[in-house]
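Beneath this line is the structure, given in structure tokens, with notes to follow.
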Amino acid sequence: MNIQHIPTFSEPCLAPYQNLRDRTLRGENLFIAEGDLVVERLLKSRYQTESLLIADRALERVQPLLEKYVSEEIPIYVVPFDGINDLLGFPFHQGVMAIGKREEVWTLSDLLPLDSPEKQRNSRRRIIVVLPDITKPDNIGVVFRNCAALGADGILLGPQACDPLSRRGLRVSMGGVFQLPWLKTDNLNRDLDILRTQFQYECYGTVLSDNAVELKDVHWKNRIALCFGNEYDGLKPETLAHCDLQVTIPMACGVDSLNLGVSSGIFLYSASFQEN
């Protein structure tokens with residue numbers, strides 16, 4: 001392994017890690033992964049890892065992880081724990097982080113099944129989650145985590161959706177962003193049309209409406225695109241126009257809605273485990 005002990009925080013190699021609270025790496029085509037689990041999932045993913053930053057007191061703990069997944073080409077910078085907060089610009093207790101290279105590693109075809117609808121009738125249900133304009137990193141991170149846990153095949157993001165590779169989004173997703181295919185499209189309407197007409201996906205819009213079908217009464221098709229709107233405005237009319245069915249979770253008296261993390265988990269559980 002390419003382990004480099006860095007005694008001071010002024011070395012140029014540490015510049016990408018400096019003052020992360022006050023800056024973004026987006027313009028540098030880089031992103032930050034924090035913590036053992038998220039870093040491990042980055043190392044196992046299609047994304048390239050540029051470097052790792054390890055606090056000296058954490059080196060022994062993460063040694064097995066480094067030996068298993070880190071090649072000699074990736075530098076591992078080991079720095080004193082005392083002072084690392086000043087470098088990063090925020091309190092950091094996990095002891096390990098990595099910089100990944102921001103790149104498009106998935107395409108729409110990676111979200112799609114390889115078999116025909118006829119062959120797929122007796123196999124598991126295929127689910128693509130569609131997020132047209134989720135703008136909060138916490139929300140998008142939780143949806144990614146739910147998708148990874150509950151068997152979604154991929155996520156399609158609209159042009160206005162926030163960045164899943166943001167530091168906050170990655171942390172909340174627990175690396176779920178690295179575990180399944182996802183794509184940020186520049187034309188969501190076009191891609192929804194492709195899913196419905198070329199690949200026979202049924203599009204379901206999750207809404208708050210007395211006129212929608214209650215979740216318990218939904219009979220999920222074998223290929224579904226499950227659309228979630230943001231917590232303020234829900235799904236926009238242009239997305240609802242592509243939905244074959246609108247579905248809802250009925251609320252008890254006095255409760256108007258659930259947050260996106262909870263509701264997406266409920267919908268995904270129903271869609272994933274209802275028998276064909």
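Tabulated results
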| item | result |
| --- | --- |
| Exposure proxy ranking, count of Cβ atoms within 10 Å, fewest first, for Met174, Met97 | Met174, Met97 |
| Sequence-distant residues sharing a close amide H with Cys203 (under 5 Å, placed H) | Ala225, Asp244, Leu245 |
| Rounded tilt (10° steps) of 59-69 against the dominant C-alpha axis of the chain | 60 degrees |
| Sequence-separation-based contact order of the chain, relative, with Cα cut under 8 Å and 6+ spacing, percent | 19 percent |
| Per-peptide average of other Cβ atoms within 10 Å, ordering 185-195, 71-81, 44-54 highest first | 44-54, 185-195, 71-81 |
| Computed over segment 126-215: relative contact order in percent, which uses C-alpha pairs under 8 Å that are six or more apart | 29 percent |
| Top positive-direction residue, dipole computed over segment 108-273 with Cβ charges, set Phe267, Leu208, Gly175 | Gly175 |
| Using alpha-carbon coordinates, inclination of helix 137-150 to the longest axis of the chain, degrees | 70 degrees |
| Crossing angle, helix 188-197 versus the chain [Cα axis fit, 0-90 degrees, rounded to tens] | 50 degrees |
| Reachable lysines from Lys221, criterion Cα separation under 22 angstrom, eight or more residues apart if same chain | Lys119 |
| Over 19 Å between alpha carbons, listed pairs Lys44/Lys101; Lys136/Lys236; Lys44/Lys136; Lys184/Lys216 | Lys44/Lys136; Lys184/Lys216 |
| Residues listed by number, segment 81-107, amide nitrogen under 19 Å from Glu11 label point at 7 Å toward C-beta | 81-89, 95-100 |
| Straight-distance crosslink candidates among aspartates and glutamates, where the alpha carbon sits under 20 Å from Lys68 and sequence neighbours closer than 8 are dropped | Glu34, Asp36, Glu40, Glu50, Asp56, Glu60 |
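The numbers here are math on the coordinates, done by the rules we state, and not lab data. Being a predicted model, the structure only gives us computed values, none of them experimental. Cβ sites come from the backbone with ideal geometry, for glycine too, and all protein chains shown count toward neighbours.
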